[in-house]
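The values are calculated or read from the model by the stated rules, or taken from the named source; none is laboratory data. The structure presented is a predicted model; accordingly, all values stated were derived computationally and were not measured. In this analysis, Cβ positions are derived from the backbone assuming ideal geometry, glycine residues included, and neighbour counts consider all displayed protein chains. Protein only, heavy atoms only, side chains kept; ligands, DNA and RNA dropped before computing areas. Shrake-Rupley method; radii C 1.70, N 1.55, O 1.52, S 1.80 Å.
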Amino acid sequence: MDLVQFGSYIKELRKKRGLTLASLSALSGVSHPYLSQIENGKLKNFPSPEILIKISEPLDVRYEKLLKAAGHLDNEALHDYYELDAKLYEMTAKVLKALSTDGYFFEDVQLKIFEMFSGNMSYEPDLEGFDRLYLDYLKYKEDVEPDYIDVDLEEGFIKYYNYNTVLKSFTAKANSSAFDWKEEVLDKLTELALERITPSESIETSQKELSLYLKQPNILYKTHKLSKQQIKLLESYLETLIMNSQKSKEIALTLFVQGSSVEEISKIINESPETIQEWVMKEDK
């Protein structure tokens, strides 16, 4: 493929996407005159990899295809590219899944996700404006009011930064050093996942006693942060549950002493025969 053929190829991709040169320039950050020279075959050399990766996403074409069309990749190099890219994608998908539930990141990792991918996300309308507002929001929480919650911005984060959008952006990373960036991010994501799997000793200790754990900040249930009122309601419910369980145990032991079978007791107090049998065995000891 020569420069004229390459220019025609780019022009065809642009028209297929319904883009003008001006809109392609705005989306890619490549100047209008330079794009015109590409399409008209007026350049002395093929565009650099840095230029090609900038226009690949707006044109909806894989970066490596443009690299090959411009003579930057031979068949062997292209095979290696695909193989490495596939491995990075597979590993990153697994780690991102471990950091999320139902496609949404756990609240305790959201800030790290934002720091890693802000400025590196695939093009979305209004995303740049959202990022600026979200940064101001985080700064306000850090400097002024840590407990402040902006519901609209939190919902915006879920919209722009979720499992699918982040993985898509990871795959279509627009950077001339894409593999270096991907490997670096994969290392950070893996470290983040391991921190959640193997928390510090103090957190492990607190998790053994639920009442202590409920005093920890930022307790989540299915990615939702529990408010202080919700935690109090949960504690009240647990207290009632424990009291009812204790009463059931006392009734079960009384009935057992009176000669009722485990099965009969189970029907009366709605507990499993295995549980009642366990109570009886402990009482005998």
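In region 1-104, which trypsin sites (Lys or Arg not before Pro) are in a loop and have at most 15 other Cβ atoms within 10 Å, using DSSP for the loop call?
Sites meeting the loop and neighbour criteria: R17, K42, K44.
Give the cross-link partners of K225 among the lysines, using a straight C-alpha distance below 22 Å as the criterion and excluding same-chain residues fewer than 8 apart.
Within reach: K97, K112, K139, K141, K159, K208, K215.
How big is the accessible area of H72 in square angstrom, nearest 10, if you roll a 1.4 angstrom probe over the protein chains?
80
From the Cα gyration tensor of region 1-140, with a ≥ b ≥ c the square roots of its eigenvalues, which class applies: rounded if a/c is under 1.5, or else prolate if a/b is larger than b/c, or else oblate?
Oblate shape, in that a/c is at least 1.5 and b/c is the bigger or equal ratio.
Compute the accessible area per residue over region 130-172, keeping the other protein chains in place, probe 1.4 Å, unit Å².
Ligands and nucleic acids excluded, the figure is 61 Å² per residue.
Using Cα pairs under 8 angstrom and six or more residues apart, how large is the relative contact order of region 53-155, in percent?
12
May I ask you to derive the relative contact order of region 104-186, considering only C-alpha pairs under 8 Å and at least 6 residues apart, and to give it as an integer percent?
Dividing the mean separation by the residue count of region 104-186 yields 47 percent.
Normalised by the residues of region 1-107, what does the relative contact order come to in percent, with Cα pairs under 8 Å and at least six apart?
Reported as a whole number, the value is 24 percent.
When 1/r is averaged over all different Cα pairs and the result inverted, which Kirkwood radius in Å belongs to region 7-65?
So the Kirkwood estimate lands at 11.2 Å.
List the residues, sorted by chain then number, that are 5 or more residues from L99 or on another chain and whose placed amide H is less than 5 Å from its amide H.
The answer is none.
Taking amide H atoms as placed 1.01 Å from N in the peptide plane, list the residues 5 or more away in sequence, or in a different chain, whose amide H sits under 5 Å from that of F105.
Amide H neighbours of F105, under 5 Å, 5+ apart: Y163.
Quick check for you: with a 1.4 Å probe and neighbouring chains kept, what is the accessible area per residue of region 11-126, in Å²?
That works out to 56 Å² for each residue.
Return the sequence-ordered ³J(HN,Hα) values of region 82-96 in whole Hz as given by the Karplus equation 6.51 cos²θ - 1.76 cosθ + 1.60 applied to θ = phi - 60°, using x for Gly and Pro.
Karplus values, whole Hz, x for Gly and Pro: 4, 5, 5, 4, 5, 5, 4, 4, 4, 5, 5, 4, 5, 5, 4.
What list of ³J(HN,Hα) couplings, whole Hz, do you get for region 131-140 from phi and the Karplus terms 6.51, -1.76, 1.60, once you set θ to phi - 60° and write x for glycine and proline?
Values, residue by residue: 4, 5, 5, 5, 5, 4, 4, 5, 5, 5 Hz.
Please give the solvent-accessible surface of V4 in Å², to the nearest 10, using a probe radius of 1.4 Å with every protein chain present.
Rounded to the nearest 10, the figure is 90 Å².
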